[in-house]
Every structure is written in structure tokens, then in C-alpha cells.
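Shown next, in C-alpha cells, is the structure this report addresses.
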């Protein structure tokens, strides 16, 4: 995570939420709970891309830690964004992570001779796994300047670095240290920079995603600029929406050797495996495809019928409790941007106990009901608010951005999620993304099978010997479940293969490690239990989301 500032390409640090299949929040108005069957991944950049006919739409998540006065976000652009800057929503990222997150599970199979019997149970799937108004343009340098939500923003001509940076400093835009040293590749005739700062009266809690639509030949992440504020092995997640499966056009592509996955702990070491596998590629510049396929699992999650209710009805509710209940029962997700707005209108009652104060904005309607029952006169005096003003803000910051994000999944048939980790010394080339219509889908759910040996000594599910089978068919005899994690694989590659994905045709394999993988240690014959195996598969999707400073690039001057 960044300590002070974030340059879009250079300084956004994101945490990839590891939640399972999302549940719709019609009445409760909340996000889906974490699913312990998915691995925890830290991502430094996160963006959603949609690309068609030379137009790129980017939903960019901005994550920042530090003083509001030092918030600085810079993004190089190949063209002036149409319709300026729009607000996005965190829920888009929460839901798309939930839907496409890789899952690693073990199907436990026991036969009649075993003292325990739970066919179809998955190990690691339960608790076992851990407003300034627009100003006049100045000599053509300022192309666009406006305010939206918590931000003041400007789009500047980037043909001259010094003139651009001087303007930013003079107008109170924070420039992270080191930016001037790496910005030169983004300075050329026809280039632009978007800069954000927080408007007076806003703080870091008001930061929310932004949306841009602009002309570009490809979707691109300005990773060279990102290197200014990057941590070692910084995670980069990318979702690309389009007609076909997306590919890293100028980076390599890695297929994991799933033998290294800690299967019995729901892939708890997944990020370490990604780091090791991608580092086996030249310059460490390689992506793993985590999910590719239909967008169907995302349809209706953000924009289901009737969500958010009626603007006209809501703005007429002048009682705080009834207003908050309307929000809850019409699909507003408590937390994030909603909490930030509610804090401005509904303060926490002083009489609440400390634990309730911490939890107040998750259930403000319930806590205010208790407060009103005990202090009706105080409630009436303290909780007067402007319903029209608040409703207008809700529609600007939450409702409209959420519904527009949901519309993405009605327009595009495919989404692709890709992931890699890069250290600053590996950020020497901006990754560019394209499509290949001939590549197959990629499921995000991976299921192995552990079949207990019925005639062997039994000592409970975790300590009974068995045959462990990977999704690729390799089978291993294990004395117990712990033996899989403890197995020495120091000489075994983390990647099954390293390849190039082109815009047509099959992968071009650069490194094939198939013969170096550990081969099966359990034959087809033996005393394995006779039980049907259960294999899981997940629908795949294709979309583009990035977390740090994603950008689509057009023709760059060489």
C-alpha cells in the first residue's frame, strides 16, 4: 500500500477482496461475506476495461493512505476523455472479484470401509481456511477542468513536461516524489495527463473510483509511471470486457503448475505461487489468466430490477430512521461511499456504547430506533436533515454510477481476468491488452480429489492415508493431508508452461516444463475407496479491471 500519494499509473495500491459467490442484497443492503475457500491476494492496481472500435472505457479504483493534502493522482491519456470524468463505485470491484476469484478446493471421498463418510465435502471451504467551478483555458495547456463528487480534476496537454508540472504545482496538485524521473515516455505531441485532487472539505475517506471513456488503440497500464510508488512484487489485476477472451499483447502468459498450491488450506499460498511462477518468465513480465468466459454471473448483480427504489419517493422522507430503512430495503450497500455520506447527516449518538459506535453506520436505522425510543425529544432535535440534498448526493455518487457499471455486463458477452506481480525493476514496459477469438475459456474454480484408502490405518479425516488427484490427472499417495503441504518441491518449476498469446491462433509455447513436473506416485490399482468423484467447474467470464493506474494507449510517438 502506498504511504502518502498515488499516481494513477504510479501510485494506487489496492487490496483484492477474496470473497466468494456474491449474494444479492435486495433487503439487507450489504456486500457478500468472505468465502474462506478462496485465497487472499494483495493487488496494487485494479481497473475494469471495456474496449470496442477504438474506444476504451476504464473503471479505475483509487486506493490511498496518507494525508488528504498529499493526495495526488496522475494518469497519462492518449486522448481527451469524452464527457470528462465520471464517478465509479467500489461495489463494481467487490462484485467482480467475488465472481471471478480463483478458488481451490479438495473433494473428500470416503467409502463404506471408512469410519467417516462425507462424499462431496470440500476441504478448506469452511472455517478450516483461514466545488471549484470550471476555469477558463490557459493558452491551450488546460484542455478540461471541472469538479465531480469529492474531486477537482484537470486534463492537461502533455507535449511539454515542465510547463505541465509547473501548472500542477501552482494550482495545488500534489506530484509524488520521483514522478518527473519516469514521466518522459508519456510526454509527446498528442498526449494528455489527467490529474486529481480532493476538493476542500473532503478527506481520504471520500476517495472513490472514477470512470473514463477515451479513444485508444489498446487498453494499457502505465506501469513504468507506477514504478515510482510500487512495492516489491506488487499485485496487478486486470479485467477486460469485450467480444472475446483478452490477452496480454506484449507480456508473456504463464500457466501454473498447480502442484505447488496449498490445496488443503484453500490455496492460502496462491499469491506466493503467482510470484514464483511469473518470475520464471523473462524479466518477470508475464500474466496468469484466472478467469475467461461469459459475463452472465455478473448480470443483475449491480442493476437488478427495482434496485434503489424511487428518487421521488426517497427525497420526500424527512424522518431519519424511515429514510435509512428505505435505503436498506432498496439495495443500498452500507459501507464505503454510503457511510461517507451518512456521516455528514447522521452523527453517532453520544449515548451509545463504544462497540455500538463502531458498528453504527452498518445498522444506523436500528441504532437510531433504540436512541429514539430512549430519547424521543433529543432525536427529534438532532436528526433533522435535508432529504432532497442527501438524495441528490446519493444519486450522483452511488445510484447512477452503480447502474451504469451494471450496464457494462449487459453490453459485453465476455470478460477476462488476468493477474501478475511486478517489482519496480521489472516495470520497464507498459502492458497492453488485446483479444484472441480462438482461445478457450478458463474456469476460476479448481477442484482436486482426496480419496481415503479404506484398508489403511484410519485416524480421522486429516490423518488417514489417501490418493490425492490434481485437476490435470496426476495422482499422489499421501500418508495424511499434511504431507501434501510438507512435500519438498524445491526442484519443481512453478509454471507448467510459459507462452505468448497472439491475436489469433493457439499459444506459442516458449518454455514447456511438463517433463519436469512431479509425476504420479500412485498407480491406478490399489486399495483406494470405490466412490464416485465430484469435480467442480465454474462458469468463466471476461472483463478487465486493474488496480493501480490502468490506461488505454493510442498511437504513441516513437
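The values are calculated or read from the model by the stated rules, or taken from the named source; none is laboratory data. Note that this is a predicted model, so its numbers are computed, not measured. Don't worry about glycine lacking a Cβ; one is built from the backbone with ideal geometry, like all the others, and counts go over all protein chains shown.
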Residues that are part of a loop (DSSP other than H, G, I, E, B) and at pLDDT 95 or above, drawn from the stretch 474-490: 474
Considering only helices (runs of 4 or more DSSP H) fully contained in the stretch 318-379, which possess at least 3 residues that are modelled with pLDDT of 95 or more and over 24 Å from residue 204 (Cα atoms)? 320-328, 364-374
Give the stretch 189-231 a look and list any residue that's out of contact with any strand residue (DSSP E or B) (no Cβ under 8 Å at 6 or more places or on another chain) and surrounded by fewer than 17 Cβ atoms within 10 Å (Cβ to Cβ), or say none. 189, 190, 200, 201, 203, 205, 231
I need the full set of residues from the stretch 264-308 which are within 30 Å of residue 428 (Cβ to Cβ), part of a helix (DSSP H, G or I) and in contact with a strand residue (DSSP E or B) (Cβ under 9 Å, 6 or more places away or on another chain), in order please. 270, 271, 273, 274, 275, 276, 277, 278, 279, 282, 283, 284
Out of the stretch 60-79, which residues are within 26 Å of residue 275 (Cβ to Cβ) and part of a strand (DSSP E or B)? 60
Which members of the stretch 224-263 meet the condition of being closer than 20 Å to residue 471 by Cβ, touching a helix residue (DSSP H, G or I) at 6+ places or on another chain (Cβ under 6 Å) and part of a helix (DSSP H, G or I)? 260
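For every residue, the table says whether it meets (1) out of contact with any strand residue (DSSP E or B) (no Cβ under 6 Å at 6 or more places or on another chain); (2) not in a loop (DSSP other than H, G, I, E, B).
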site: 438; (1), (2): yes, no
site: 459; (1), (2): yes, no
site: 467; (1), (2): no, yes
site: 471; (1), (2): no, no
The listed residue being surrounded by fewer than 22 Cβ atoms within 10 Å (Cβ to Cβ) and closer than 30 Å to residue 242 by Cα, out of 445, 382, 377: 445
Could you tell me which residue of the stretch 164-181 is surrounded by the fewest Cβ atoms within 10 Å (Cβ to Cβ), considering only residues that are touching a strand residue (DSSP E or B) at 6+ places or on another chain (Cβ under 9 Å) and not in a loop (DSSP other than H, G, I, E, B)? 167
Output the residues belonging to the stretch 87-106 that are assigned to a strand (DSSP E or B) and either buried (at least 22 other Cβ atoms within 10 Å of the Cβ) or at pLDDT 95 or above (or both). 103, 104, 105, 106
